[in-house]
Every structure is written in C-alpha cells, then in structure tokens.
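Student: One structure is given below, represented as structure tokens, and several questions about it will come after.
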C-alpha cells in the first residue's frame, strides 16, 4: 500500500504515546501521525481537523472510558485499534478486523495489527464493523455473558445462554432464543460460529449452529439429527457427523 495513512494517538499517558510513535516511525514510516491527544477534548479537535484513517485509542482515559467519547459519533468513518494495560479478553473480536493491543505493546503483536490494518484499508473491510465492535466492547464488563446482535435498525442485546440455535439465512443469520423469539442479524453464520464456539456452540450443518446446552435429544437415525429445547429438529451433515458424535463420546 503506497498511500500515506493518517493516524492519531489518544492516550492519557505520555510514555504510552511516545512508545507507540517510536514503533510507527521505526517499522511503518508510511503511517503519518497527525497528532496526539491526552484528553477527549484534544481528540475531538484532531478528528474535526483532519481526515483520519486510523485512531489508536487507549480504552481508559483518566477515569473515563473511551466508549463515552465514541458514543458521541453518529458515524465512525475511521479505523480503530484499541490499547489497554489490562487484558480485556477480547478474543471474540479478533475476526472483526479491528484490533486490540495489550500494553506494553509487543512488537510482533504490533506488526500483526498494522498488517491487518493495511489489508483492511485496501478492501475497506473495517468500516462496517467499527460501531459493532464498540457495542461489543461495552459488554466486556459482563465477561461476555451477553452479546450485541446487529440488526437492520440497531442492536439487540441478548444473553448468550438464551440462544438455542442460529440458522443461516443467505448472508444473514436467524437466532432463536429460549422464549422462541427470532432475531435476524445482519451478519452471516460463519461470523457467529467464530463468536460463539468458545461458549459451547457447535456447527452441525452448513446452515445451522447450535448451543449444546439446549440439546434434548441426539439421534443417529435419518442420517443423524438433534432435537432442541423448543422441539426443533436439526439435521447433522455427513461431513460434521463424526466430529459431532465424538464431542459427545458417541460411537
């Protein structure tokens, strides 16, 4: 990528700003640091004054959260790389293409993050996910007991344990909850497979992802299927059958 990338750094610690500046200048000279900010006011001025491609944002600015600042934007048209001195366990967001750096910043992690950024800027992959990531990060304090589901007109906040299964609906996903409420999400099923697999969700078919805590019956007849808490019968595909039965120690 030959284009100069315009960046800002928002961090209330001068040492953190200087360390990141040093990494950028050393390894990625095509990233131009337009300015740095240690307060929300300074950050606002930078964003209003420049056409910013990427903002490196510390999650905690003084006693306030960076999310307070970001929520003021109707539209976020710059990429975001979050930073924090604390491990916020954000593995669930890695595939969103926006990234997170643990401070002190590891050089290899930094390079991986910037390489993702460069690739993303070329195909404009990040832009549609910035708002969604912010909504997800706000739920980190709940240790991911809940997730925000992007819909056509906003977000639905649901408990992960309340999700029975997810079904592919073209490029969208229909999530069915314990109360039989259905939510159509504006993300595909692969997205939810990555997001939920660490919470006990299993992909049993190209078109279905299930919460194993809500399975009431497993059958090997009719090619293999499961019955969910609400009585829904879902087929297990031939290609996934062996791994599925093995996960339940079924021979």
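The values are calculated or read from the model by the stated rules, or taken from the named source; none is laboratory data. Here the structure is a predicted model, which means the values were calculated and not measured. Neighbour counts run over all protein chains shown; Cβ positions are idealised from the backbone, glycine included.
Student: Hey, does the range 195-217 have a residue that's under 30 Å from residue 74 (Cα atoms) and either modelled with pLDDT under 90 or surrounded by 16 or more Cβ atoms within 10 Å (Cβ to Cβ) (or both)?
Tutor: yes
Student: Let me ask you something else. Only one residue in 195, 234 is assigned to a helix (DSSP H, G or I), touching a residue at least 60 places away in the same chain (Cβ under 8 Å) and in contact with a strand residue (DSSP E or B) (Cβ under 9 Å, 6 or more places away or on another chain), so which one is that?
Tutor: Criteria check complete, one pass: 195.
Student: Would it be correct to say that residue 229 is modelled with pLDDT of 85 or more and out of contact with any strand residue (DSSP E or B) (no Cβ under 9 Å at 6 or more places or on another chain)? Working first, answer last.
Tutor: Values: modelled with pLDDT of 85 or more: yes; out of contact with any strand residue (DSSP E or B) (no Cβ under 9 Å at 6 or more places or on another chain): no.
No, not satisfied.
Student: Identify the residue in the range 1-23 that is part of a helix (DSSP H, G or I) and either outside the structural domain of residue 77 (by TED's automatic domain parsing) or touching a residue at least 40 places away in the same chain (Cβ under 8 Å) (or both) and, among all such residues, is farthest from residue 72 (Cα to Cα). Break it down into steps so the answer makes sense when it comes.
Tutor: As a first pass, look at the range 1-23 and keep what is part of a helix (DSSP H, G or I): 14-23.
The next check asks that each one be either outside the structural domain of residue 77 (by TED's automatic domain parsing) or touching a residue at least 40 places away in the same chain (Cβ under 8 Å) (or both); those that pass are 16, 19-20, 23.
Values: 16: 25, 19: 28, 20: 26, 23: 30 Å.
Across the range 1-23, the extreme among qualifying residues is 23.
Student: Assess whether residue 137 counts as being modelled with pLDDT under 85 and farther than 14 Å from residue 187 by Cβ.
Tutor: yes
Student: Additional query: Could you identify the single residue in 30, 3 that is surrounded by fewer than 19 Cβ atoms within 10 Å (Cβ to Cβ), within 13 Å of residue 118 (Cβ to Cβ) and touching a strand residue (DSSP E or B) at 6+ places or on another chain (Cβ under 8 Å)?
Tutor: Values: 3 fails: touching a strand residue (DSSP E or B) at 6+ places or on another chain (Cβ under 8 Å).
After ruling out the rest, the residue left standing is 30.
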